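To keep things clear, I will list the structure first and then write my remarks on it.
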Amino acid sequence: MILKTLKSYFGYTQFRPLQEEIITQILHKKDTLVLMPTGGGKSICYQLPALLMEGTAIVVSPLISLMKDQVESLQANGIIARALNSTNDETTDANIRFECRQGRVKLLYISPERLMGEVNFLLKDIRISLFAIDEAHCISQWGHDFRPEYRRIRPIINEIGKRPLIALTATATPKVQHDIQKNLGMIDATVFKSSFNRSNLYYEVRPKGTNIDREIIKYIKANEGKSGIVYCLSRKKVEEFADILKANGIKALPYHAGMDSQVRSANQDAFLMEQADVIVATIAFGMGIDKPDVRYVIHYDIPKSLEGYYQETGRAGRDGGEGQCIAFYAYKDLQKLEKFMQGKPVAEQEIGKQLLLETAACRRKVLLHYFGEEYLEDNCGNCDNCLNPKKQVEAKELLSAVLEVISTLKEKFKADYIVNILVGNETSEIQNYKHNELEVFGSGQDEDDKTWNAVIRQALIAGYLAKDIENYGLLKITEKGKEFMKKPVSFKITEDNEFEEEEEEVPVRGGASCAVDPVLYSMMKDLRKKLSKRLEVPPFVIFQDPSLEAMATTYPITLDELQNIPGVGAGKAKRYGKEFIELIKKHVEENEIERPEDLRVRTVANKSKLKVSIIQRIDRKVALDEIALTNGLEFTELLDEIEAIVYSGTRINIDYFLNDVMDEDHIEDIYEYF
């Protein structure tokens, strides 16, 4: 039944990792915490159980734009979903509440602030199937997007009555995870943590020279027609760079929190509707964006944190397709950001130095290490360091010197202090502790502070050192580090780049579609854009890129064949399929294309026999429950078969059965509703 619902509504024949286990857990009414990367399929984990359970699922979501995208996508799949938010007028809200009380709405999206207001107004009057808390990292003050209103969710749920609770997030360090569980009162919940590895994303760090604008323009023009995001730290830079892109013939728009809300919203919609190719934004843009076909994310400035970097790069390739993540960085950016972060919690000061500096290690390995995940491959094959390895130097003696200083200082100081001791920098703090009198003071004068910082960072990644985040980021020697002190082994690092302001020609990476027939693929993208304008929905709500690629490979020319395409359920095939199959059929005939389906030797499948049997029995006006019994089907399975028969173009009449089992007024109410 679960798989059937997946295919019927979402168009997929199999689950992604962990989805089925999570859904089963919810159906058994158990609380669940889901840690799954962006694009990993979190939404289906609560949307599918909502379809199978009695009542309305309440989805707490932080952003109106996110609610809007989710509701549009669900409705395109034939699912009744609604959102209560500040963009609605009173009449719309009243209609939504009426539908909820009638039991018609399967998923109701609501902000945490609005949730409180609807407790007595609506939520106590309706049957609730489950609570889903999306973007659950907002609960934690250690999360990168703290929303205090999220902390009042548990008392509200307690007031309404116990229901299954599922909390979901794409970024959570162990501390954030614990905070989520504690604040939602779900310490005993089952935790599902899928790999944070996004294998389709390519990570690259480039030196930021004087020609950065030209380099980015060149890259965007090489990827013409693809959607991309450029992140800048300041609002001023966002406005300036968007103007530069426009002046160079690129369809770009700015987005930041200081803009007029209507202009900002219009720019976001233009990006979703593919009227603009590029959004230049501050980090205010992104969390609520459900656009699956963003093909590149460029960081003009260094990100504020590794969580931020992971979230922002996570906007790329959500459909599993190409996703290029390129960050530009100069050393002065790092210093500027360190000043900006002073006085913030130590956890927030853990900015992206580990990822963005000299490391020759795989970018993916470093990023996953930060989230507590071990990446065991030596070469990921999809980051700059793995594709173009850097030259390394032996640093066994340097690591020994670092470990000796940390040990001498009884593991009570941070990295900067350790480096100052090594290079012999007499700071006032060092003088106060009289550490300038220690034998190890100045023991590393032959190397500069950047080299020592490189040694410490690589030692953290290699597991010789650990940083105590709870305790001001003090450096601690691990068991592996203690073993090294007894018996040193080879330890190699890459010396830090100076990143001088010099121009360097960097090869442009571009991606191509996976479609076998690029001409048809391009024609279908044009048709999708035309339909999106006519229906006023984003193009990806109609069909996502991977679905178009599959169509341009297998050439479906009937609605039945179209439903075999990944991501195309019965609802989407019926709503949007007709024009696509007509276009494909015409293309196949004009170009005399032999379709894979035409070359397949057909047998009469049992399913075909079943459909013929159902049609014949309906023609003879046999009761539907009797037809189900005769064919060994559940009644809901029979309805699915009848739905498929109708969608394939066969007309059937079941009035005789409706008149027999339902009264006339009820039938009229249903017709009136639809």
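When you count, for each residue, the other Cβ atoms within 10 Å and take the mean per peptide, how do 22-29, 631-638 rank with the highest first? Numbers along the way, then the final one.
Numbers: 22-29: 18.6, 631-638: 13.1.
Top to bottom by mean Cβ count within 10 Å: 22-29, 631-638.
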Measure nothing but the geometry: give the 0 to 90° angle between the long axis through the Cα atoms of 331-340 and the longest principal axis through the Cα atoms of the chain, rounded to 10°. 80 degrees
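Give me the 1.4 Å probe accessible area per residue for the range 387-455, excluding ligands and nucleic acids, in Å².
On the way: 4020 Å² over 69 residues.
Value returned for the range 387-455: 58 Å² of accessible area per residue.
Expressed in nm to one decimal, what extension gain is obtained for the pair THR636 and LYS162 from 0.36 nm per residue of sequence separation less their Cα-Cα distance? Intermediate values should be presented prior to the final figure.
Numbers: separation 474, 0.36 × 474 = 170.64 nm, distance 2.86 nm.
Result: 167.8 nm gained on full extension.
What value, in deg cm²/dmol to 500, does the helix sum -39500 (n - 2.57) over DSSP H runs of n ≥ 4 give at 222 nm once divided by the residues of the chain?
Values: 33 runs with 307 residues, N = 674.
Result for the chain, helices only: -13000 deg cm²/dmol.
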Rank-order 86-92, 401-407 by packing density, defined as the average count of other C-beta atoms within 10 Å over each peptide's residues, highest first. 401-407, 86-92
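About its Cα centre, what dipole magnitude does the range 390-462 give when the only charges are +1 on Lys and Arg Cβ and -1 on Asp and Glu Cβ, stated in debye to the nearest 20?
Numbers: 9 positive and 13 negative charges, 79 e Å.
My answer is approximately 380 debye.
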May I ask which residue of PRO538, ALA222, VAL176 lies farthest towards the positive end of the charge dipole of the chain, with charges of +1 (Lys, Arg) and -1 (Asp, Glu) on Cβ and the Cα centre as origin? VAL176
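Counting Lys +1, Arg +1, Asp -1, Glu -1, what net charge surrounds ALA189 among other residues with beta carbon under 14 Å of its beta carbon?
On the way: positive: LYS29, LYS30, ARG154, LYS162, ARG163, LYS182, LYS193; negative: GLU21, ASP31, ASP179, ASP188.
With Lys, Arg at +1 and Asp, Glu at -1, the neighbours total +3.
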Given charges at Cβ of Lys, Arg, Asp, Glu: the chain dipole, positive-most of GLN616, TYR255, LEU66: GLN616
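Give me the number: length gained by fully extending VAL612 to VAL263, i.e. 0.36 nm times residue separation minus the C-alpha to C-alpha distance, one decimal in nm.
My answer for the length gained is 120.1 nm.
With a cut-off of 8 Å between alpha carbons and a minimum separation of six or more residues, what is the relative contact order of the range 216-322 in percent? Walk me through the numbers on the way to the answer.
Details: 167 pairs, mean separation 36.0, N = 107.
It rounds to 34 percent for the range 216-322.
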Packing rank of 550-558, 5-13, 482-490, where each peptide gets the mean count of other beta carbons within 10 Å, highest leading: 550-558, 5-13, 482-490
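Given the Cα atoms of the chain, and with Rh set as the inverse mean 1/r over their pairs in the Kirkwood sense, what is Rg to Rh to two decimals? Working shown, then result.
Values: Rg = 28.7 Å, Rh = 28.1 Å.
When Rh is taken as the Kirkwood radius, the ratio is 1.02.
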Cα centre as origin, Lys/Arg/Asp/Glu Cβ charges: the range 164-267 dipole, Debye: 220 debye
Positive-end residue of GLN431, GLY11, ALA644, charge dipole of the chain with Cβ unit charges: ALA644
Proximal lysines to LYS525, defined as alpha-carbon separation beneath 22 angstrom and excluding residues fewer than eight positions away on the same chain: LYS221, LYS226, LYS251, LYS291, LYS533, LYS572, LYS574, LYS578, LYS585, LYS586
Provide the net charge surrounding TYR231, with neighbours chosen by a C-beta distance below 11 Å and charges set as Lys +1, Arg +1, Asp -1, Glu -1. +1
How high is the relative contact order of the chain, given as a whole-number percent (alpha carbon pairs under 8 Å, six or more residues apart)? 13 percent
Return the distance in nm (one decimal) between the two label points of a simple spin-label model at LYS221 and ASP660, each offset 7 Å from Cα along Cα→Cβ. 7.2 nm
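Hey, what did the range 203-274 get for relative contact order, percent, Cα under 8 Å, at least 6 apart? Mind dumping the intermediate values first?
On the way: 29 pairs, mean separation 16.4, N = 72.
Relative contact order of the range 203-274: 23 percent.
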Determine the dipole magnitude for the chain: charges of +1 sit on the beta-carbon of Lys and Arg, -1 on that of Asp and Glu, nothing else is charged, the reference point is the Cα centre, and the result goes in debye to the nearest 20. 740 debye
Using a 1.4 angstrom probe on heavy atoms only, work out the carbon and sulfur share of the accessible area of the chain in %. 48 percent
Between helix 518-535 and the chain: long-axis angle, C-alpha atoms, 0 to 90°, nearest 10: 70 degrees
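Taking each pair of distinct Cα atoms in the range 378-492 once, what is the resulting Kirkwood hydrodynamic radius in Å?
Numbers: mean 1/r = 0.0669 Å⁻¹.
Every distinct Cα pair counted, the radius reaches 15.0 Å.
Can you tally the net charge around LYS124? Count Lys and Arg as +1, Asp and Glu as -1, for every other residue whose Cβ sits under 14 Å from the Cβ of LYS124. Before the final figure, lay out each step's value.
Working: positive: ARG97, ARG101, ARG127, LYS162, ARG163; negative: GLU118, ASP125, GLU159.
After counting each charged neighbour, the total is +2.
The values are calculated or read from the model by the stated rules, or taken from the named source; none is laboratory data. Values in this document were obtained by computation on a predicted structure and should not be read as measured data. Virtual Cβ from ideal backbone geometry, glycine too; neighbours counted across all protein chains shown. Keep in mind that these areas ignore ligands, DNA and RNA; they rest on the heavy atoms of the full protein, side chains included. Shrake-Rupley method; radii C 1.70, N 1.55, O 1.52, S 1.80 Å.
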